[in-house]
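Only the coordinates and a few stated rules stand behind these numbers; no lab work does. Quick caveat, the model's predicted, so the values are computed rather than measured. Glycine also receives a Cβ, built like all others from the backbone with ideal geometry; neighbour counts cover every protein chain displayed.
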Amino acid sequence: MVKQVTLTAKTREKTGSGAAGRLRRDGWIPAVIYGHDRDSQPLKVDDTEFRQLLMDISVDNTLVDLDVEGDGVQRVLIREVQTHPWRSQVLHVDFFQIREDEEIRVAIPIRYTGEAQGVRESGGILQTNRNELEVECLPEEIPEYFELDVGELEIGDSLHVADLNTGGVRPLEDLDATLCVVVPPTIVEVEEEVAEEEVELEELEPELVGEEEEAEVPEGEEAPAEGEGRHQAPGAAPPSEGDEGEGPAPEDLL
């Protein structure tokens, strides 16, 4: 059933960002308590004690007996914890006072146990859609967590809210909502696509080489044989060695 812990707190009179900053520098966390039959009241809690508490509980569904100096023990839930964007520092805490005879809404963690057959035998992947379930119940009935065995799931099988043993508390989610499903592996498809691309590249390579060689000879002409480099008139004798490039002598033209 529900887990219960104790935390001490002190009242504070000064509020505002300046006062809150001074509290943090002195090792305190600014806080506030509100809820049934009381006005909002500023508090402060010890930074070290609260951070240790966070390591031992699930914040959403743990009842805290808050021992407020001068005001006695108050049964509360931690409603909000504000943290610094990049430092490991708690900035502010909200406590909500509850009544034992009134139902409250809380989020209960879901613990998946076992290894699905589809994962173990077929290489599938267990995909979890939800890690907690919101319920409504009396404070004393708050479960610490829900346990869900996935050992018999094959590829394509799924579990839903209706498959949970909620112990009598009322889920606020649709009973047909999917909590987890075993999906087939996707790595095989990726490998096949890569292999197909490699084959296509190998087939294209010879064609590209052939196109480059043919482009060296103008269309409609044959490449000259070895030793040929210019055209001769029909019946003309081949030029003798040393005559290449010389025209007729000037006296032959007279």
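Structure data summary
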{"item": "Highest-first arrangement of 131-139, 69-77, where packing means the average Cβ count within 10 Å", "result": "131-139, 69-77"}
{"item": "Qualifying chymotrypsin sites (Phe, Trp or Tyr not before Pro) for region 64-141 [loop in DSSP, other Cβ within 10 Å: at most 10]", "result": "W86"}
{"item": "HN-Hα J in Hz across region 8-23 - Karplus 6.51, -1.76, 1.60, θ = phi - 60°, x for Gly and Pro", "result": "9, 8, 10, 6, 9, 9, 8, 10, x, 5, x, 5, 5, x, 5, 4"}
{"item": "Of all DSSP beta bridges in region 1-144, antiparallel share, percent nearest 5", "result": "70 percent"}
